[in-house]
Amino acid sequence: MSGGGDFLTLFGSILEARPNGLGLLWYTREVFRNFVLRVDWLSFNPTTAVAGGRADNSGVLIRSPALNASNPANDWRPASDRGYEIQIDDMGFNVDTGQNFSPLHQTGAVYALAPSSAIASKPAGQWNTFEIEATNTLIKVTLNGQLVTNYAIPASSSRLAAGHIGLQCHTGNVQFQNVMIRSLPN
């Protein structure tokens, strides 16, 4: 775990984010370059304001660098700055403008880099499935069978081409299960 908050294990197979600041549960044993990652997730408050005036906000991070605990309040930051976050936030809250409904910040977007073309999330309390395919310079995000983001990474990008995966803990008690990854040829 990096940053604030933690994850609670429910029924032996569900991870529930318990926010206390922004944090990341990351997989340390392997670095991935080309892969397909499937993740089921559930949001209880995808479009209604919760404490603090925000809907559930979480994400799946890919190609993240190794993190450390030298600065516990911000040790999650390199994952966002050098890797890629696949957003979970149907309200599409843009932290820079304070406005909702930003396609660059809504569910399925590659956070702040590539917009989601549609909100394909199921209603509150129902499981959703992300399929995230990362191959060299392309990231495709499919949500519940619908392609919502197709991001061509620019050649000038300084973000990592390989890294760890992780689950974000931000606002709300978003749940995750069935996290499965399959490596693809380079």
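Key figures for this structure:
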{"read-out": "Helical contribution to [θ] at 222 nm, DSSP H n ≥ 4, -39,500 (n - 2.57), averaged over the chain, rounded to 500", "value": "-500 deg cm²/dmol"}
{"read-out": "Calculated log₁₀ intensity ratio I(q)/I(0) where the Debye formula runs over C-alpha points of the chain, q = 0.09, 0.12 Å⁻¹", "value": "-0.27, -0.50"}
{"read-out": "Leu184 accessible area, 1.4 Å probe, all protein chains in place, Å² to nearest 10", "value": "40 Å²"}
{"read-out": "Solvent-accessible area per residue for the chain (1.4 angstrom probe, square angstrom)", "value": "46 Å²"}
{"read-out": "Phi to ³J(HN,Hα) by Karplus 6.51 cos²θ - 1.76 cosθ + 1.60 over segment 80-86, Hz, x for Gly, Pro", "value": "7, 7, 10, x, 9, 10, 8"}
{"read-out": "Relative contact order computed over the chain (Cα-Cα under 8 Å; 6+ residues apart), in percent", "value": "35 percent"}
{"read-out": "Heavy-atom accessible surface of the chain: percent carbon and sulfur, 1.4 Å", "value": "51 percent"}
{"read-out": "In Hz, Karplus ³J(HN,Hα) per residue of segment 140-147 (6.51, -1.76, 1.60; θ = phi - 60°; x = Gly, Pro)", "value": "10, 10, 10, 10, 6, x, 10, 5"}
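The values are calculated or read from the model by the stated rules, or taken from the named source; none is laboratory data. All figures in this text were calculated on a predicted structure; none of them were measured in a lab. The area values use the complete protein model at the heavy-atom level, side chains included, leaving out ligands, DNA and RNA. Shrake-Rupley method; radii C 1.70, N 1.55, O 1.52, S 1.80 Å.
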